[in-house]
Each structure stands twice: as C-alpha cells, then as structure tokens.
Amino acid sequence: MKENLREFPYTWDDFNVLRKLSNEHSGILVPDDKFDMFYSRLSKRVRKLGVPDFEHYCRFLQAHPDREFGEFINAITTNLTSFFRERHHFDYLQEQLLPKLLKEKKAEKQVRVWSAGCSSGEEPYSIAMALAERLPGDWTVKILATDLDTQVLRAAADGVYTMDRVAALPRQRLQRWFRKGTGRNADKVKVKEELQRMIHFKQLNLMKEWPLKGPFDFIFCRNVLIYFDRTTKESLANRFGALMPAGAHLFIGHSESLHALETGFKLIGNTIYRKIQ
Ligand SMILES: C[S@@+](CC[C@H](N)C(=O)[O-])C[C@H]1O[C@@H](n2cnc3c(N)ncnc32)[C@H](O)[C@@H]1O
C-alpha cells in the first residue's frame, strides 16, 4: 500500500519493533514482505485505541502489555484452516492408524490426541469425526486442542460455523455431526455436543512451558512450524516426541518438513512421521 494512502503513519521502525515483539513472544518469524499485512491487521487496533499513529501504538503496547498484548497477538496470527484440510491425513488416520490403535489399546479403550495450533477448531473437530466414525461405542476419545490466539479458541469452543465453512463436507457427515441453525442462525451450523465433549480447548503458547500430560497416541501440529526457525522447529519436534510412546505419529503441514533436523521421528510419507526412539 502506498504510504500516502494509509490512514495512519507507519514506518519500518514501527514494523521492526512489532515483529521483534511478535517473535520474542510467539516464535513467529515475520519476513519483510509482511510489512503491509502488519499495517492492515493492526490499523484496527490503532483506530480502536484512538492513538494517532503506529509509533504511539508501539509505545502503548510496550507500556500496557497486560491490556494490549493479547489483542496484538490475536491480530497478527494467521489462522487459515478448514474441515478435513489435507484429506490424506484423515484417510491415513481412518485406514491405517486406527486399525493399529484398535489392536494396541484394546484393554484401555481410549485414544488421546493433541491438536497443537488448532485455530478455530476445524482440525480437532475433523479428528473427532474421523475417530468417532470408526471406533466402537465403548471407546473414549480425548482430544486436547490448543492455540495461542484466544479469539479463535473462543470460536472453536462455540463450534458454530457458517454454511460456506462446511459446504465441502459430504451430506452424510454434515447430518451426522452438525445441527442446523434456525431463525437468525439459519445460515449456520453447530457441532453436535457428542463431538464437542471429546475436545478440551485451552490456550497454550508453544514457545513456553506446556502444563499438560501425555502420553498422546498421535499429535497434529500442522501449518504452525512453518512460521518458526530451524532451532525452534527441532526443539518443538523433540518436545512433542517426549509426550509420545515409540511408534506414535506426528502429522505436520503440507509445506513443512523435519528434514535434516535431529529428532527421533522418521518420515513415513505425506508429511506423517513416526517416533522411532
Ligand atoms: C495456519 S493455522 C493452522 C491451523 C490448523 N492446524 C490447520 O492446519 O488447519 C496456525 C495456528 O498456529 C497458531 N500459532 C502460531 N504461533 C503459535 C504459538 N507460538 N503457540 C501456539 N499456537 C501458535 C496460530 O494462532 C494459528 O491459529
């Protein structure tokens, strides 16, 4: 965007302050080409707070982190997601992984999963559907779904989606797992309680301590690692590994890789990894 078209003065110094704060807090690397994106996402905050420009916004953010930092992080995270995104992962889950878990866990009858970086919930709800469609009724599914962004987590916990978000789902799945809204909500659907009961949503910054207990039978951390540097990726993969037994699976996003990182994971294809040690 041309400088003279901007509503609020915004400089590279401002951008540098903001991206440094973002990196320190969330681990997210912000390249130069996100200069305009930061302006468009944060100008809403500048307007809302009534400060005259981005320089004042930076000062406000640093002086009142308790008030503004959450809003800042919510504004700059990229939350793109969809139901059954990267379908091959869900096919693998139903066709290959579940038959294995059904055998291995037949005494315990419980599957524990972590969706790390769950955004507005489409990913953990898709996992819940995929599992519930294939598991016998006396099995329990426990999915921990976490994200840094509190705004998307609220939407995820509500489980309410506009029709366009579920348009690609087969009719059978839609009828089985969603209730259609009425009146003012006629253009929306809500995830059925049966599915919601399987998921516990919680805010968690992957860069900080993880106050949670494993072990998990598998972990989804998809389209999150892409924002982190090599060292952070390696450290996260190892921390995931510490919460999983040998043989458990880690699913990452289509443009991500653990290649050349020292982790205890082996690629088994299609961005799916198995813990080998
Ligand atoms: C592009 S979305 C991916 C959503 C989903 N996993 C998928 O693949 O469809 C990335 C998510 O990672 C979250 N995120 C980014 N940095 C994070 C961090 N340090 N800790 C936890 N979540 C983070 C963002 O808030 C965002 O919701």
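The values are calculated or read from the model by the stated rules, or taken from the named source; none is laboratory data. If you're wondering where the values come from, they're calculated on a predicted model, not measured in any experiment. Because the Cβ atoms are built from the backbone with ideal geometry, glycine has one as well, and the counts that use them run over all protein chains shown. Accessible surface is based on the protein model in full, side chains and every heavy atom, while ligands, DNA and RNA are left aside. Shrake-Rupley method; radii C 1.70, N 1.55, O 1.52, S 1.80 Å.
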| request: At 1.4 Å probe size, with every protein chain present, just tell me what the per residue accessible area of the chain comes to in Å². | output: 52 Å²
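Could you tell me whether region 1-95 comes out rounded, prolate or oblate from its Cα gyration tensor? Rule is a ≥ b ≥ c as square roots of the eigenvalues, rounded for a/c under 1.5, then prolate if a/b exceeds b/c, otherwise oblate. Let's see the in-between values first.
Details: a/c = 2.53, a/b = 2.04, b/c = 1.24.
It is prolate, given that a/c is not under 1.5 and a/b is the larger ratio.
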| task | Give the range of the longest stretch in the chain that excludes all trypsin sites (Lys or Arg not before Pro) found in loop regions by DSSP and having at most 12 other beta-carbon atoms within 10 Å. | result | 3-105
| Antiparallel bridges, percent of DSSP beta bridges restricted to the chain (to nearest 5) | 40 percent
| query | What are the ³J(HN,Hα) values, in whole Hz, obtained from phi via the Karplus relation 6.51 cos²θ - 1.76 cosθ + 1.60 with θ = phi - 60°, for each residue of region 209-222 in sequence order, with x given for Gly and Pro? | reply | 4, 10, x, 8, 10, x, x, 9, 6, 7, 10, 9, 9, 10
| query | Local charge sum around Trp139 (other residues, Cβ-Cβ under 15 Å, Lys/Arg +1, Asp/Glu -1)? | reply | +3
| said: Only bridges whose two residues both fall in region 95-219 count here: according to DSSP, what percent of them are antiparallel, nearest 5? | reply: 30 percent
| query | Suppose every K and R has +1 on its Cβ and every D and E has -1 on its Cβ; what is the size of the dipole of the chain about the Cα centre, in Debye to the nearest 20? | reply | 1160 debye
| said: Considering only protein heavy atoms and a probe of 1.4 Å, how much of the accessible area of region 154-277 is carbon and sulfur, as a whole percent? | reply: 50 percent
| said: Residues of region 141-169 with the amide nitrogen closer than 11 Å to a label point 7 Å from the Cα of Ala132, along Cα-to-Cβ, please. | reply: 141
| Taking the chain as a Gaussian network, where each spring joins two C-alpha atoms under 10 Å apart, which residue of Ser82, Ser22, Ser255 fluctuates the most? | Ser255
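Starting from 0.36 nm per residue, how many nanometres of slack lie between Arg154 and Glu104 once their C-alpha separation is accounted for? Walk me through the intermediate numbers first.
Values: separation 50, 0.36 × 50 = 18.00 nm, distance 3.47 nm.
Result: 14.5 nm gained on full extension.
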